[in-house]
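The values are calculated or read from the model by the stated rules, or taken from the named source; none is laboratory data. Keep in mind that what you see is a predicted model, and the values were worked out from it rather than measured. Backbone-built Cβ (ideal geometry, glycine too); neighbour counts: all protein chains shown. Just the protein is used for accessible areas: all its heavy atoms, side chains included, with ligands, DNA and RNA removed. Shrake-Rupley method; radii C 1.70, N 1.55, O 1.52, S 1.80 Å.
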Amino acid sequence: MKTARVMSVFGTRPEAIKMAPLVRELQSRPGVESLCCVTAQHRQMLDAVLGAFDLRPDFDLDIMEPRQSLYTITAKALLGMERVLEEARPDLVLVHGDTSTTFAGALAAFYAKIPVGHVEAGLRTYDRYSPFPEEMNRTLTGDLAVLHFCPTPANRDNLAREGIDRGVYLTGNTVIDALRTTVREDFVFATPLLNRLDYAHRRVILVTCHRRENYGAPMDHIMAALRRLAQDCPEAELVYPVHLSPVVQEAAHSHLDGVENIHLIEPLDVLEMHNLMARAYLVMTDSGGLQEEAPALGKPVLVLRRETERPEAVAAGTVRLAGTEEERIYALGRELLEDRAAYDKMARAVNPYGDGRACGRIADAVEYHLGLREEPPEPWLA
Ligand code: UD1
Ligand code: UDP
């Protein structure tokens, strides 16, 4: 039987969460030899995901440094990939999303003349500095890739406008596949606080914030709004698993320490995170992944950014752009805590990002491209 070698490359927490179900799917295909290379742009936060999904990478570049710069991530990943690609000689490299690992992985494969498949392709804000550097990472990766796996029709249309219309597949987002395996009604948390919280009678607000373009003044404004919200709304419990970036740790602790109903905790493993989200009242975040997960779980989201490359859930009414100004974030937060009608309007489960079967479609397209399958996959009918 004909076989082909496919290498999945990723390095950060969100890439790992969204690539894990695809790696599993590829492993189940008899014609595919699935290899996994991690840059470890994130160390602890990546290892937590690898553990949760029981994934063992074949190659680990171990590049993370404290307060790493965009230059060091990109250079170390690119150099590390040179050696890995020489040794493994894959027939196809898969990268995910918009991190510096994504771009360096795609560029390294291009230099080795190995075709690249881009998972989560076509997301755009068309502002090159926001999100920074992600908008440029994903645009450049789109130019390097020959296969483009678009979560939504809008993502596919973005690529078409840029002249990319070959090798494009509409698949849904793999994060919805992941979500299907993680959320359980009888889930027991390892973090004691999360078992203790009274989800029925308290307003549990799940918070995350980490984007580079929010460093400095925007993050200060966000934190100030969160503090006021917690102090003025005693029925709220803010649970904020703080990203390990020292910049974020300093901002969160300096603004939010010492408030009784704000819980600054360690990053959660993905199982705890998804199950906490499923029980929370509201999500306030600048994360990309949370904007996709929360709508599928029927949770309103206030996005702590000026723009989003994920307009689908905004159009569906589950997500609102809150921006990064203190007053507006505070006002929107209070509205959702106090105005039941406003809350109910947003708290509807919608699935604009996928049906949970993205990985099967991507694996089919990969096999089709590699000559292991006669027919391309049916696109997702969003
Ligand atoms: C990166 C991605 C961003 C993505 C985010 C997901 C880039 C440029 N940025 O941003 O697109 O949204 O991951 O979380 O690719 N750290 C640890 N342990 C960890 C992880 C991080 O200590 O497990 C600390 C290190 O000091 C590191 C710093 O966090 O230098 C920043 O990590 P980095 O990957 O550079 O940036 P993120 O903000 O995580
Ligand atoms: N996540 C997690 N633990 C946390 C915070 C986030 O498992 O403490 C998960 C979250 O559910 C989502 C992904 O990590 O699947 C999002 O990662 P992040 O916000 O770091 O990056 P982004 O999506 O913004 O690139």
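Tabulated data for the structure shown
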{"item": "Condition met for residue 320 (among the basic types (Lys, Arg), open to solvent by 30 Å² or more (accessible area, probe 1.4 Å) and more than 29 Å from residue 12 (Cα to Cα))", "result": "no"}
{"item": "Output for region 189-224, where each listed residue is polar (S, T, N, Q) and over 30 Å from residue 131 (Cβ atoms)", "result": "195"}
{"item": "Single condition residue 12 does not satisfy, out of (1) open to solvent by less than 50 Å² (accessible area, probe 1.4 Å); (2) away from ligand 2 (no atom under 16 Å from the Cβ)", "result": "(2)"}
{"item": "Residue within region 28-38 that is buried (at least 18 other Cβ atoms within 10 Å of the Cβ) and polar (S, T, N, Q) present", "result": "yes"}
{"item": "Some residue of region 126-142 being within 27 Å of residue 27 (Cβ to Cβ), open to solvent by 30 Å² or more (accessible area, probe 1.4 Å) and touching a Phe, Trp or Tyr at 6+ places or on another chain (Cβ under 8 Å)", "result": "no"}
{"item": "Evaluation of residue 172 against (1) crowded, with 17+ Cβ neighbours inside 10 Å; (2) not in a loop (DSSP other than H, G, I, E, B) (one fails), failing number", "result": "(2)"}
{"item": "Qualifying position, being on the phi < 0 side of the Ramachandran plot and modelled with pLDDT under 95, among 185, 134", "result": "185"}
{"item": "Single residue of 224, 280 found to be closer than 23 Å to residue 337 by Cα, in contact with a Leu (Cβ under 7 Å, 6 or more places away or on another chain) and more than 9 Å from ligand 2 (Cβ to nearest atom)", "result": "280"}
{"item": "Extreme residue, farthest from residue 294 (Cα to Cα), among residues of region 206-221 that are more than 16 Å from ligand 2 (Cβ to nearest atom) and part of a helix (DSSP H, G or I)", "result": "217"}
{"item": "Qualifying residue in region 184-200 (condition: part of a helix (DSSP H, G or I), small (Gly, Ala, Ser) and more than 30 Å from residue 82 (Cβ to Cβ))", "result": "no"}
{"item": "Any pair with Cβ under 6 angstrom, 6 or more apart, that starts in region 85-98 at a residue that is open to solvent by 10 Å² or more (accessible area, probe 1.4 Å) and ends at one that is acidic (Asp, Glu)", "result": "98/134"}
{"item": "Residues satisfying the stated conditions in region 28-68, i.e. more than 26 Å from residue 182 (Cα to Cα), within 16 Å of ligand 2 (Cβ to nearest atom) and of a type outside the set (S, T, N, Q)", "result": "64"}
{"item": "Residue within region 235-255 that is in a loop (DSSP other than H, G, I, E, B), open to solvent by less than 10 Å² (accessible area, probe 1.4 Å), in contact with a helix residue (DSSP H, G or I) (Cβ under 9 Å, 6 or more places away or on another chain) and within 16 Å of ligand 1 (Cβ to nearest atom) present", "result": "yes"}
{"item": "Residues being assigned to a loop (DSSP other than H, G, I, E, B) and more than 18 Å from the chain's Cα centre (by Cα) - total across region 135-157", "result": "2"}
{"item": "Test result for residue 55, touching a Phe, Trp or Tyr at 6+ places or on another chain (Cβ under 8 Å), open to solvent by 10 Å² or more (accessible area, probe 1.4 Å) and not in a helix (DSSP H, G or I)", "result": "no"}
{"item": "Some residue of region 331-343 being open to solvent by less than 50 Å² (accessible area, probe 1.4 Å) and among the charged types (D, E, K, R)", "result": "no"}
{"item": "Cβ pairs under 6 Å, 6+ apart, first in region 1-18 and in contact (Cβ under 8 Å) with a residue 60 or more places away in the chain and within 20 Å of residue 364 (Cα to Cα), second among the hydroxyl-bearing types (Ser, Thr, Tyr) and buried (at least 23 other Cβ atoms within 10 Å of the Cβ)", "result": "18/174"}
{"item": "Which numbered condition residue 67 fails, given (1) part of a loop (DSSP other than H, G, I, E, B); (2) touching a residue at least 24 places away in the same chain (Cβ under 8 Å); (3) within 25 Å of residue 161 (Cα to Cα); (4) out of contact with any Asp or Glu (no Cβ under 6 Å at 6 or more places or on another chain)", "result": "(3)"}
{"item": "Criterion (farther than 27 Å from residue 168 by Cβ, touching a Leu at 6+ places or on another chain (Cβ under 6 Å) and within 12 Å of ligand 1 (Cβ to nearest atom)) met by exactly one of 40, 48, 104", "result": "40"}
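Rundown of residues vs (1) away from ligand 1 (no atom under 12 Å from the Cβ); (2) part of a helix (DSSP H, G or I); (3) modelled with pLDDT under 95, yes/no style:
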{"site": "71", "(1), (2), (3)": "no, yes, no"}
{"site": "77", "(1), (2), (3)": "no, yes, no"}
{"site": "82", "(1), (2), (3)": "yes, yes, no"}
{"site": "98", "(1), (2), (3)": "no, no, no"}
{"site": "118", "(1), (2), (3)": "yes, no, no"}
